[in-house]
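To start, the structure itself, in structure tokens.
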Amino acid sequence: MGKNTKLGLVMEGGSMRGMFTAGVTDVMMENNIEFDGAIGVSAGACFGVNYKSRQPGRALRYNMRFCNDKRYAGIGNLIKEGNIFSTKFCYRTVPNELDVFDRKAFKENPMEFYVVATDVEKGCEVYYRLETGDDEDLDLIRASASMPLLSKMVEVDKTKLLDGGIADSIPLKGFEKLGYLKNVVILTQPLGFVKEKNKHMKLIKIKYHKYPNLVGALADRHIKYNAETLYVSRQEQAGNAFVIRPPEPLNIAGIIRDPKELERVYNIGRKVMTERLDELKEFIKKVKE
């Protein structure tokens, strides 16, 4: 392709399945694998942002430290503020005080970083480029990870946003449209996984009755997701994507109180990436030739 070909990193979400992604990306950072740009959805945005700030180990560290902290995640937060993951604690206290997010490194790293959110009123995906790592950028990450039924909408420039995974769970095609023709894609489901229809559609229709396009996107999410995994596989076969998947279902819940479970999934990611490191380097070499 040539030296001017842009190499991208695409990171799927999946709540605490994202610990797999953190394991993969930490090995990449430790081996000085660089990308021209990255895009993350939901947990892929929350944990993947550490790639641009060059902070391997941070995602695992703070999740293990606070997974039992009621201020971090739980039903109490959902009742009090409408978010199962606390806005103030997760997106202000932790990155600003308790496990500091390196905004300076984030800003100085030339790698582009995008997050995906869903426009609630239109029911479609929106891409945002984060450049400074400031509180406004963290709010866009929060929007990308705001799960329906478990989170309040995040309003940015008068646009109501929810989880990016609703409209675009694996934004490979979208990233290609932004000029990233060769990509490394990290999935959090194994090969052959097929998403089924949302089991909570009755509740979704009641809660979001004012937003028919959002309801439609949620109803059709499994169809779009399965089409996206098929597209990823086709791009992989064509040599345009290097895809990293867990070898089997990760079997981890969305909220975990056991630090060892987080570490288990993280270590699967590390193992898979370590085993495929030479293969990845060869893929990148061919892209840049």
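The values are calculated or read from the model by the stated rules, or taken from the named source; none is laboratory data. The model shown is predicted, which means the values in this text are computed figures rather than measured ones. FYI the Cβ positions are ideal-geometry reconstructions off the backbone, even for glycines, and counts take in every protein chain you see. We work out accessible area using only protein heavy atoms, side chains counted, and drop any ligands, DNA or RNA first. Shrake-Rupley method; radii C 1.70, N 1.55, O 1.52, S 1.80 Å.
Among all residues of the range 247-267, there is none that is farther than 30 Å from residue 74 by Cβ, open to solvent by 50 Å² or more (accessible area, probe 1.4 Å) and either in contact with a Gly (Cβ under 9 Å, 6 or more places away or on another chain) or among the hydroxyl-bearing types (Ser, Thr, Tyr) (or both). Every condition in (1) over 18 Å from residue 172 (Cβ atoms); (2) more than 23 Å from the chain's Cα centre (by Cα) is met by residue 237 except one, and the failing one is (1). When restricted to residues that are at pLDDT 95 or above and either part of a helix (DSSP H, G or I) or small (Gly, Ala, Ser) (or both), the range 250-270 contains 12.
Considering the range 218-228, and only residues there that are touching a residue at least 12 places away in the same chain (Cβ under 8 Å) and open to solvent by 30 Å² or more (accessible area, probe 1.4 Å), the residue that is nearest to residue 204 (Cα to Cα) turns out to be 221. Scanning the range 162-173 for residues that are more than 13 Å from residue 37 (Cα to Cα) and either open to solvent by 20 Å² or more (accessible area, probe 1.4 Å) or in a helix (DSSP H, G or I) (or both) yields a total of 4. Of everything in the range 190-222 that is touching an Asp or Glu at 6+ places or on another chain (Cβ under 8 Å) and assigned to a loop (DSSP other than H, G, I, E, B), the residue that is farthest from residue 264 (Cα to Cα) is 211. Count of the range 124-151 residues, restricted to those that are touching a residue at least 40 places away in the same chain (Cβ under 8 Å) and in contact with a helix residue (DSSP H, G or I) (Cβ under 6 Å, 6 or more places away or on another chain), is 7. Does the range 160-168 contain at least one residue that is among the β-branched types (Val, Ile, Thr) and farther than 15 Å from residue 217 by Cβ? No. Looking at (1) among the aromatic types (Phe, Trp, Tyr); (2) within 25 Å of residue 121 (Cβ to Cβ); (3) open to solvent by less than 20 Å² (accessible area, probe 1.4 Å), which is the only condition residue 180 fails? Failing condition for residue 180: (2). In summary, residue 276 fulfils each of the numbered conditions (1) surrounded by fewer than 12 Cβ atoms within 10 Å (Cβ to Cβ); (2) under 23 Å from residue 191 (Cβ atoms) with the single exception of condition (1).
Residue 51: closer than 26 Å to residue 272 by Cβ, touching a Leu at 6+ places or on another chain (Cβ under 9 Å) and among the hydroxyl-bearing types (Ser, Thr, Tyr), yes or no? For residue 51, the condition - closer than 26 Å to residue 272 by Cβ, touching a Leu at 6+ places or on another chain (Cβ under 9 Å) and among the hydroxyl-bearing types (Ser, Thr, Tyr) - is met. Looking across the range 137-161, just one residue is charged (D, E, K, R), in a loop (DSSP other than H, G, I, E, B) and on the phi < 0 side of the Ramachandran plot, and that is 152.
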